[in-house]
1. For the stretch 119-133, give me each residue that is buried (at least 21 other Cβ atoms within 10 Å of the Cβ) and either more than 30 Å from A65 (Cβ to Cβ) or at pLDDT below 95 (or both).
2. Could you figure out which of (1) farther than 21 Å from N152 by Cβ; (2) buried (at least 20 other Cβ atoms within 10 Å of the Cβ); (3) in contact with a Leu (Cβ under 6 Å, 6 or more places away or on another chain) isn't true of L226?
3. If you check Y108, Y104, Y94, which single one turns out to be hydroxyl-bearing (S, T, Y) and open to solvent by less than 30 Å² (accessible area, probe 1.4 Å)?
4. Got a sec? Which of F99, F111 is more than 27 Å from V212 (Cβ to Cβ) and either in a strand (DSSP E or B) or touching a helix residue (DSSP H, G or I) at 6+ places or on another chain (Cβ under 8 Å) (or both)?
5. Looking at I244, I210, I256, can you tell me which residue is closer than 28 Å to G125 by Cα and modelled with pLDDT of 95 or more?
6. Which condition number does A137 fail, the rest of (1) open to solvent by 70 Å² or more (accessible area, probe 1.4 Å); (2) within 30 Å of D97 (Cα to Cα); (3) in contact (Cβ under 8 Å) with a residue 24 or more places away in the chain being met?
7. Please determine, by comparing only the residues of the stretch 38-81 that are without any contact (Cβ under 8 Å) to a residue 24 or more places away in the chain and more than 15 Å from the chain's Cα centre (by Cα), which one is surrounded by the most Cβ atoms within 10 Å (Cβ to Cβ).
8. Suppose we filter A238, A273 for residues that are open to solvent by 10 Å² or more (accessible area, probe 1.4 Å) and modelled with pLDDT of 95 or more; which single one remains?
Amino acid sequence: MPVTQLLGRRGWIAFVLALAAGAASAQPATTITMASTTSTEQSGLFGHLLPAFTQATGIGVKVVAVGTGQAIDMARRGDADVLFVHDQAAEEKYVADGFAPRRYPVMYNDFVLVGPKSDPAGVKGSDIVAALRKVAAANAPFISRGDKSGTNAAELRYWKDTGLAAKGSGYRECGCGMGPDLNIASSGNAYTLADRGTWLSFGNRGDLAILVEGDKRLFNQYGVMLVSPQKFRHVKAAEAQKFIDWVTSPQGQAVIASYKVGGEQLFFPNADAGAR
């Protein structure tokens, strides 16, 4: 028997309205825009973290994942409500320039130098600067993000620390995110710097392996900031602050800590650590 006959006309209308109400209630009441780095998205963290935030608060989050430098530029134009990136020096300048009330530390992991398992340049160890000197001396293929991301900024600091005038003839910039960078390195058996989170989530490793890790200089801190509502009156300040409060709360920090790939934790919460 058709459902319309079972329910009657009025019952059917009430049924349809109830379904519509249920669908509407499943949608976030409001959505904020977050400018963030590619590593938080391509590692899979946001796919794990943001649904938990929406469930807890009813606020949706639209992520624009680009390099940290591009994300900061986006926030400087007022094209986001919240900024979640990993270049502390640039973040502190963003706050000092009046574009955010303050910076909140959220979590950390580390960078790793990956390359061919055969390691033709002989870089394997725990000293990132010594490793890059060997890459340059061997003119080994090295793929740089070249996109003003937090990873790219860290890589350039390490190259600067080598004191070298040139990076070797194998150095190439892809101007791309972490995932595409790793794909290029994998296809060309090249060296590259990666954040550990994206590396652990990366499925196309080919002959690549982690060759340099454990250097304290490879520490990778993430911070979150509210885009200044004083500079940009359209910013959804209350909702964006709710995200900041939640992600730095014990609940949000626990969700970050629970994200694992192959049983390995990708990010380590440290909202209570203060600025680093």
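1. Restricting attention to the stretch 119-133, the residues satisfying the condition of being buried (at least 21 other Cβ atoms within 10 Å of the Cβ) are 121, 123, 128, 131-132.
Result: A121, single match.
2. (3)
3. Numbers: Y108 fails: open to solvent by less than 30 Å² (accessible area, probe 1.4 Å); Y104 fails: open to solvent by less than 30 Å² (accessible area, probe 1.4 Å).
Only one candidate qualifies: Y94.
4. Numbers: F111 fails: more than 27 Å from V212 (Cβ to Cβ).
The match here is F99.
5. Details: I244 fails: closer than 28 Å to G125 by Cα; I256 fails: closer than 28 Å to G125 by Cα.
When all the criteria are applied, what remains is I210.
6. (2)
7. Residues of the stretch 38-81 without any contact (Cβ under 8 Å) to a residue 24 or more places away in the chain: 46-47, 50-51, 55, 73, 76-77.
Okay, now just the ones that are also more than 15 Å from the chain's Cα centre (by Cα), so 51, 55, 73, 76-77.
Working: P51: 13, Q55: 8, D73: 15, R76: 19, R77: 12.
Looking at the filtered set, the residue picked out is R76.
8. Details: A273 fails: modelled with pLDDT of 95 or more.
Just one listed residue meets the conditions, A238.
The values are calculated or read from the model by the stated rules, or taken from the named source; none is laboratory data. Quantities reported herein were computed from a predicted structural model and do not represent experimental measurements. Backbone-built Cβ (ideal geometry, glycine too); neighbour counts: all protein chains shown. These area figures cover heavy atoms from the full protein model, side chains too; ligands, DNA and RNA do not enter into them. Shrake-Rupley method; radii C 1.70, N 1.55, O 1.52, S 1.80 Å.
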